[in-house]
Amino acid sequence: MLTSLQIKNFKAWKDTGQVRLAPLTVIFGANSAGKSSLGHLLLALKQTAISTERKRALHLGDINSMIDLGTFADCIHGHDLTQKLEFEFGWTPSDRIEIKDPLLKDKIYSGDRMTLHVELSAGKSEQPEATRIDYKLFDGDLLVLDSSFTKGPSGKLTLSSKSVNLMHSVGRKWPLENAEKFYRISETSRARFQNADFLADFAISLETLLQGLAYLGPLREYPKRIYQWSGNTPENVGMKGEDTIAAILAADAEGRKLNRGRKHPLKGFSEFIAEHLVTLGVIHSFRVQSVAAGRKEYEVLVKTHAKAAEVKITDVGIGVSQVLPALVLPFYCAPNSIVWMEQPEIHLHPQVQAELADVFITAIHATEKGKPRNVQLIIESHSEHFLNRLQRRIAEGAIRPEDVAVHFCSKGTDATGMQPLDVNLYGDIVNWPENFFGDEMADLTARTVAAMEKRKMLTS
């Protein structure tokens, strides 16, 4: 799970400051304030990690990639290539990290939390190059192991550590190689030392984290009358929700069962999703069926209320198809995944927007095969109704304040700012920003004044 994030000199952000991330993190803010770019950078990091191009420090994207950020100059705040793109994030690995020191008998470095700090600078061809890669492994708040790989202005490469004495291998001290991608030291560089293999463990931990990142954008595919499924198991529902029905069918085929938490009954995947749709009040019933035995074509059938005829999903309001990916993704993705979702409330009635908060609380508490799924949700939203329900559930004790992080993005004259909102045990936001959801009092006052003026005109 990601626990913190800080970004400098990226798009609208001069410096986000350190952003606390919780199991359920919600980010609000004005349009074009830079909310989406936070998730887009993480997507770029993921596509870099899974890319086969080891020498590319940061895969900014192309027509075939998950995200296309343009050129490095497009990414840098103010398009000033003399600045460095910096980011730091902390995470808790799903399993505790244990590293043996090959030079010290019985010495083990053990930790449950990691951080990575990266600096990227423009090279001669204006492509990003990794000039600093700093890892730290903590046991609670105690630093147990660290490393720092740097590339100086003259191009000199160094690898050092404050917590372990890195010993050069026997023989000639060959020079280090440039970093592979933004986070990984090459195998050749590690081989220059007798005890630097732990850097591979650090890189693997980061790759595991990024591979578990799933993203759902705000624009989702329209529903179809017929869906094709040949038995594949998609990684997630797709960035536009295009694989949602395939994900439901794959989960049912695997016999996956979920419950809402302890003391709740297990249910098959599609039944579990259908129950949530009914709870939201979107429809009365939902099911996916093959159009005929032995065929690869499927249709989604729904009822809007108990006495309504069962119809295809294309023949009801757009809200059902738009919310379905947002419901499926948190429960379909692998355990320990990070889900970044933009505007899940789009096209939904205010009451349904509020109910969606309950679904996401369920998602972070859900269990599968008797174990917590530990899925983290990072939600970008504009919904006041969503936030109100979340505050209510905190006050009622359905979710702990420490399991929620709420942030507000505001546009400044030259950069975007990020303000953490302090939610107390009673669900109150104690540092409510000005005009968070518009100036409601100004609207009420203006409406009252206008009504008085109109009454004067009508009675004169």
Report task. Enumerate the aspartates and glutamates that Lys263 could reach by cross-link, defined here as Cα to Cα under 15 Å, with residues fewer than 8 away along the same chain left out. Result -> Glu368
Report summary line: Mean projected area (nm²) from the convex hull of Cα positions in segment 278-430 is 12.6 nm²
Report task. Note down the accessible area of Ser205, probe 1.4 Å, to the nearest 10 Å². Result -> 20 Å²
Report summary line: In whole Hz, the Karplus estimates of ³J(HN,Hα) for segment 367-373 (6.51, -1.76, 1.60; θ = phi - 60°; x where Gly or Pro) are 10, 8, 6, x, 10, x, 7
Report summary line: Once phi for every residue in segment 326-331 is put through the Karplus expression 6.51 cos²θ - 1.76 cosθ + 1.60 (θ = phi - 60°), the whole-Hz ³J(HN,Hα) values, with Gly and Pro written as x, are 5, 7, 6, 3, x, 9
Query raised in the report: Stretch Asn431-Asp95 to full length: gain in nm at 0.36 nm per residue minus the Cα-Cα span?
Result: 117.4 nm
Query raised in the report: If you work out Cα extents along the principal axes in Å from the coordinates, which of (1) 70, 47, 44; (2) 68, 60, 40; (3) 92, 70, 43 do you get?
Result: (3)
Report summary line: Ordering Trp432, Trp91 by the accessible surface of their heavy atoms, 1.4 Å probe, largest first, yields Trp432, Trp91
Report task. Any aspartates and glutamates with Cα under 15 Å of the Lys303 Cα? List them, leaving off those in the same chain fewer than 8 positions away. Result -> Glu271, Glu275, Asp315
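Using just the alpha carbons, could you tell me how many Å³ per residue the convex hull of segment 347-401 encloses?
So the per-residue hull volume is 95 Å³.
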Query raised in the report: Carbon-plus-sulfur fraction of the accessible area of segment 95-185, 1.4 Å probe, in percent?
Result: 50 percent
Query raised in the report: Setting aside same-chain residues fewer than 8 positions from Lys151, which aspartates and glutamates have a Cα under 14 Å from its Cα?
Result: Glu119, Glu129, Asp134, Glu177, Glu180
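Compute, for the chain, the length of the dipole vector about the Cα centre, with Cβ point charges of +1 (Lys, Arg) and -1 (Asp, Glu) only. Units Debye, rounded to 20.
Working: 55 positive and 56 negative charges, 118 e Å.
Dipole magnitude for the chain comes out near 560 debye.
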Query raised in the report: Under a 1.4 Å probe, what is the accessible area of the chain per residue, stated in Å²?
Result: 49 Å²
Report task. Would you work out which of Gln127, Pro223, Ala203 lies farthest towards the positive end of the dipole of segment 119-227, given +1 charges on the beta-carbon of Lys and Arg and -1 on that of Asp and Glu, about the Cα centre? Result -> Gln127
Report task. At a 1.4 Å probe radius, which order do Glu187, Glu86 fall into by accessible area, largest first? Result -> Glu187, Glu86
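Is segment 46-96 rounded, prolate or oblate when judged by the Cα gyration tensor, a ≥ b ≥ c being the square roots of its eigenvalues, rounded requiring a/c under 1.5 and prolate requiring a/b larger than b/c? Present the calculation step by step, with values, prior to reporting the outcome.
Numbers: a/c = 2.34, a/b = 1.33, b/c = 1.76.
Here segment 46-96 falls in the oblate category.
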Query - For segment 118-194, with +1 on Lys and Arg beta carbons and -1 on Asp and Glu, the positive-most of Gln194, Val170, Leu143 along the dipole - result: Val170
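Taking the Cα centre of segment 15-117 as origin and charging only Cβ (+1 Lys, Arg; -1 Asp, Glu), how large is the dipole, in debye to the nearest 20?
Numbers: 12 positive and 13 negative charges, 58 e Å.
Around 280 debye, computed over segment 15-117.
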Query raised in the report: Taking only the alpha-carbon atoms of segment 125-185, what semi-axes of the equivalent ellipsoid follow from 5 times the gyration tensor eigenvalues under a square root, in whole Å, largest first?
Result: 23, 18, 9
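Per residue Cα convex hull volume for segment 1-48, in cubic angstrom? Write out the running numbers ahead of the final one.
Working: hull volume 4.1 nm³, N = 48.
In segment 1-48, the Cα hull volume divided by residue count equals 86 Å³.
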Requested in this report: Collect residues whose amide H, placed 1.01 Å from N in the peptide plane, falls under 5 Å from the amide H of Leu213; neighbours closer than 5 in sequence don't count.
Outcome: Ile338
Report summary line: Carbon plus sulfur, as percent of the 1.4 Å-probe accessible area of segment 326-431, comes to 49 percent
**Report entry** Solvent exposure, largest accessible area first (probe 1.4 Å, DNA, RNA and ligands not counted), of Arg295, Arg262, Arg132
**Finding:** Arg262, Arg295, Arg132
Report task. Would you kindly find the accessible area of Met167, with a 1.4 Å probe and non-protein molecules such as ligands, DNA and RNA excluded, rounding to the nearest 10 Å²? Result -> 80 Å²
Report task. Could you go through segment 383-397 in sequence order and give the Karplus-derived ³J(HN,Hα) for each residue, using 6.51 cos²θ - 1.76 cosθ + 1.60 with θ = phi - 60°, rounded to whole Hz, and x for Gly and Pro? Result -> 8, 5, 5, 4, 5, 4, 5, 4, 4, 4, 5, 5, 4, 7, x
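What does the charge dipole of segment 301-365 about its Cα centre add up to, to the nearest 20 debye, if the Cβ of each Lys and Arg holds +1 and the Cβ of each Asp and Glu holds -1?
Values: 3 positive and 6 negative charges, 44 e Å.
Charge dipole, segment 301-365, about its Cα centre: 220 debye, nearest 20.
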Requested in this report: Give the total of Lys-Lys pairs in segment 1-149 with Cα-Cα distances below 24 Å; include a pair only if its members are 8 or more places apart or on different chains.
Outcome: 28
Query raised in the report: Of Ala253, Val118, His59, whose Cα points farthest to the positive end of the dipole of the chain (charges on the beta-carbon: +1 Lys, Arg; -1 Asp, Glu; origin at the Cα centre)?
Result: Ala253
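The values are calculated or read from the model by the stated rules, or taken from the named source; none is laboratory data. Source: prediction; values computed, not measured. Please note: Cβ atoms are built from the backbone with ideal geometry, for glycine as well, and neighbour counts cover all protein chains shown. Remember, those area values only see protein heavy atoms, side chains included, never the ligands or the DNA or RNA. Shrake-Rupley method; radii C 1.70, N 1.55, O 1.52, S 1.80 Å.
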